[in-house]
Amino acid sequence: MAAKADMEKIVSLCKRRGFIFPSSEIYGGLSSCWDYGPIGVELKRNVKEAWWRAIVLERDDVVGLDTAIMMHPRVWAASGHIDSFTDPLVECKSCHLRWRADAVEGTKCPKCGGELTEPRMFNMMFKTFMGPVEEEASIVYLRPETAQGIFVNFENVVTTSRKKLPLGIAQIGKSFRNEITPGNFIFRTREFEHMELEFFVKPGTDKDWLDYWVKERFDWYVKLGIKKENLRVRQHGKDELAHYAKDCYDIEYLFPMGWAELEGIANRGDFDLTQHSKHSGKDLSYYDAEAGQKYIPYVIEPSAGVDRSVLAFLADAYDEEEVQGEKRTVLHLHPFLAPIKVAVLPLSRNEKLVPLAKEVFKRLCSTFVTDYDDSQSIGRRYRRQDEIGTPYCVTIDFESLEDRQVTIRDRDTLAQIRVPIEHLEKVLEAKLKGEAFDASPLWATRQK
Ligand code: GAP
């Protein structure tokens, strides 16, 4: 089954409604770099918040961390990234375009049909220089994963948090990869955000914890509204495993361009802590008081991309429907993810309506991310809110001036209820938490 939304439509909606813009657009854009606009930044923040809540705040066996993007260059020698974080690259001898060898079939350039060179390994880490002198000794790398910041702080965190294993350390932050073939909008970019958990466990319990985290992470996407039939789990073949992994499962999503990795959940074994122990000379083993044993913990790593998750949530929520003979585009985003929760819409810019509408906006904006819009017809304003996935619109009309009641309209069912202004926060809070939208509820006190 193909995904409903095609990529062009999503990219166009993102531009039109202020989710995502091409980076440096007035200079012609910069390949594979994107900027999040006023609506997109809220969506992205909500994705990260949902992850942080589920992984850190709602558990007592995970703590958070925020480490520097630039790290000691020896970290990357120890982690194996200097030697092994490579992709095979081929170059066209005619047009000089470069391709990932494993993405090209045969020996001809997919663009011009020219002859391709033999593959050579290309390291994907971005290099820069620290300080004013550009010399070999001052090379630093932009991290290609946030995980290493966690491994090198393992001892700091264990000592200061006074937690026992199993213990997770979570981090959200930017990563950089000099991808040979970025593309598909924000699916593969050279700068992106990671949401990574390194879950340290006793060796021997790692297989069970791997199964546990695959299920947890799958359920997280479903809980946030992704349709189950658009998700699947695929185990890596031995030839696909990253240099550090003993085993790995991808959660794949049916993106507009087909099934592709959304998140990887790897069993990194004791690879990283062993390597850092060797290279730093610092013993990173853990003393398990209960077992009376010292060992290097194994690590289960659910690693997700913020931007790739944003794309999956957008694609899954995207819908085009016919309403009363008119086409509407709507994002059925989960209320937690919706960039704007409530839009306050006076029926018109009539001078009598505006003060009450502003009063309602003021009431709501400290509790919910609220938009105020009084431009154009009410129908067009509803469409605009539908397109950015706003779950509820609150309309103020002339009757509101007399009975101090307003109409709440549901994005998905289009049902409307009339609610006294004084109960608005309570009703919206309940609806946003998932209470059914009943069009004939207690609150519909309007007398006709
Ligand atoms: N620390 C392990 C790790 O980084 P990965 O499979 O390379 O594993 C994990 O990346 C996730 O990060 C991917 O499933 C994807 O969601 C995201 N990701 C990786 N490379 C990306 C890129 N170039 N652009 C956007 N997201 C990316």
- [ ] For ALA245, state whether it is within 11 Å of the ligand (Cβ to nearest atom), surrounded by 15 or more Cβ atoms within 10 Å (Cβ to Cβ) and within 23 Å of VAL47 (Cα to Cα).
- [x] no
- [ ] May I ask you to list the residues in region 23-42 that are within 22 Å of PHE176 (Cβ to Cβ) and crowded, with 19+ Cβ neighbours inside 10 Å?
- [x] SER32, TRP34, TYR36, GLY40
Task: Looking only at region 103-122, and only at residues there that are farther than 16 Å from ILE82 by Cα and in contact with a strand residue (DSSP E or B) (Cβ under 6 Å, 6 or more places away or on another chain), the one that is nearest to the ligand (Cβ to nearest atom) - done: PRO119
TODO: Would you mind listing the strands (runs of 3 or more DSSP E) fully within region 165-236 where at least 3 residues are buried (at least 18 other Cβ atoms within 10 Å of the Cβ) and among the charged types (D, E, K, R)?
DONE: 191-201
TODO: Restricting attention to strands (runs of 3 or more DSSP E) lying wholly within region 263-319, give those where 3 or more residues are more than 13 Å from the ligand (Cβ to nearest atom).
DONE: 286-288, 293-295
TODO: Evaluate region 385-392: report whether one residue or more is at pLDDT 95 or above, surrounded by fewer than 20 Cβ atoms within 10 Å (Cβ to Cβ), of a type outside the set (Phe, Trp, Tyr) and assigned to a strand (DSSP E or B).
DONE: no
TODO: Answer yes or no as to whether ALA50 is modelled with pLDDT of 95 or more and within 28 Å of ILE340 (Cβ to Cβ).
DONE: yes
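The rows are residues; the columns are (1) among the charged types (D, E, K, R); (2) over 24 Å from ASN46 (Cβ atoms); (3) more than 13 Å from the ligand (Cβ to nearest atom); (4) modelled with pLDDT of 95 or more.
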{"site": "GLU196", "(1), (2), (3), (4)": "yes, no, no, yes"}
{"site": "LYS202", "(1), (2), (3), (4)": "yes, yes, yes, yes"}
{"site": "ARG217", "(1), (2), (3), (4)": "yes, no, no, yes"}
{"site": "ILE226", "(1), (2), (3), (4)": "no, no, yes, yes"}
{"site": "GLN235", "(1), (2), (3), (4)": "no, yes, yes, yes"}
Open item on the list: Out of the residues in region 123-138 meeting the condition of being more than 14 Å from the ligand (Cβ to nearest atom) and surrounded by 13 or more Cβ atoms within 10 Å (Cβ to Cβ), tell me which one is farthest from ASN178 (Cα to Cα).
Closed with: SER138
TODO: Answer with yes or no whether LYS108 is among the charged types (D, E, K, R), out of contact with any Cys (no Cβ under 7 Å at 6 or more places or on another chain) and touching a residue at least 12 places away in the same chain (Cβ under 8 Å).
DONE: no
Open item on the list: Being in contact with a Leu (Cβ under 9 Å, 6 or more places away or on another chain), farther than 21 Å from ALA436 by Cα and not in a loop (DSSP other than H, G, I, E, B) is the filter here; which residues of region 345-369 pass it?
Closed with: PRO346, LEU353, LEU356, ALA357, VAL360, ARG363
Task: Considering residues of region 287-312 that are in contact with a Lys or Arg (Cβ under 8 Å, 6 or more places away or on another chain) and among the hydrophobic types (A, V, I, L, M, F, W, C) only, the residue farthest from ASP206 (Cα to Cα) - done: VAL310
Open item on the list: Being among the hydrophobic types (A, V, I, L, M, F, W, C) and in a helix (DSSP H, G or I) is the filter here; which residues of region 125-163 pass it?
Closed with: ALA137, ALA147, ILE150, PHE151, PHE154, VAL157, VAL158
TODO: Would you mind finding the one in GLU155, GLU191 that is within 10 Å of the ligand (Cβ to nearest atom), among the charged types (D, E, K, R) and touching a residue at least 60 places away in the same chain (Cβ under 8 Å)?
DONE: GLU191
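The values are calculated or read from the model by the stated rules, or taken from the named source; none is laboratory data. Note that the structure is a prediction, hence the values are computed from the model and not measured. No Cβ is skipped: glycine too gets one built from the backbone with ideal geometry, and neighbour counts run over all protein chains shown.
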